[in-house]
1. Within the accessible area of the chain, what % is carbon and sulfur when the probe is 1.4 Å and the other protein chains stay in place?
2. Let me have the 222 nm mean residue ellipticity of the chain computed from DSSP H runs of 4+ only, each contributing -39500 (n - 2.57), with the sum over all residues rounded to the nearest 500.
3. With a 1.4 Å probe and every protein chain left in place, work out the accessible area per residue of the chain in Å², rounded to a whole number.
4. Could you please state, rounded to a whole Å, how far the C-alpha centre of the range 54-84 is from the C-alpha centre of the range 21-42?
5. Would you work out the relative contact order for the chain, in percent, from Cα pairs under 8 angstrom that are 6 or more residues apart?
6. Just read off the accessible area of residue 21 with the full protein assembly in place, 1.4 Å probe, to the nearest 10 Å².
7. Under a 1.4 angstrom probe, counting protein chains only, how are 132, 74 ranked by accessible area, largest first?
8. I need two numbers for the chain: Rg to one decimal and Dmax as a whole number, Cα atoms only, in Å.
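The values are calculated or read from the model by the stated rules, or taken from the named source; none is laboratory data. What you are looking at is a predicted structure, and each value in this text was computed from that prediction instead of being measured. Please note that ligands, DNA and RNA were not included when accessible areas were found on the heavy atoms of the full protein model with its side chains. Shrake-Rupley method; radii C 1.70, N 1.55, O 1.52, S 1.80 Å.
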Amino acid sequence: MAVGGGWLMAKIAFTGLESYLKQLEKLEQNTTDIAKQAVYEGAKVTADAIRSGIEGLRTDGPSAYETKRRETQKQGLQESFGLSPMENDQGFLHVRAGFDGYNSIQTKKYPQGQPNAMIARVFNSGTSFSSKQPFFDRSIRSSKGAAEQKMKEVFETEIKKIVKE
């Protein structure tokens, strides 16, 4: 801006800029760790909802044999459910919830036991001989907001810790 034939220059003074820059550097160094912690805490909220969904599965069958079989399958789901270790895929952090291993029902087709992931799909989606109980889908949907809130809380708490240092 020209004023009276000359240039008017604005002068801006910052105080504490060095401290502010140090805080930004700490944040930059810790962002990935904070994000990992937040994602894992959010996954725990979802995992708790899924565990609750497993607990609520109906096991009543048309016969005592089928009821006992479904109870054993449900127990296998409870014992095998968990979260995978976190993966960093080109900056995207992933934690997977799922079922591992086999239950104790051995058949000719599954001599080491039925795969728990398959049994989870049977309960969740149903089959021609088993009614649909979408425990997994419901748990994911119902816990989404709480998981996001938990992630936000963890992220904000960790950032405040760094900024206060």
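1. Here it works out to 53 percent.
2. Only helices count here, giving -20500 deg cm²/dmol.
3. The answer is 70 Å² per residue.
4. Cα centres, the range 54-84 to the range 21-42: 40 Å.
5. 27
6. 90
7. 132, 74
8. Cα-based Rg and Dmax for the chain come out at 26.2, 99 Å.
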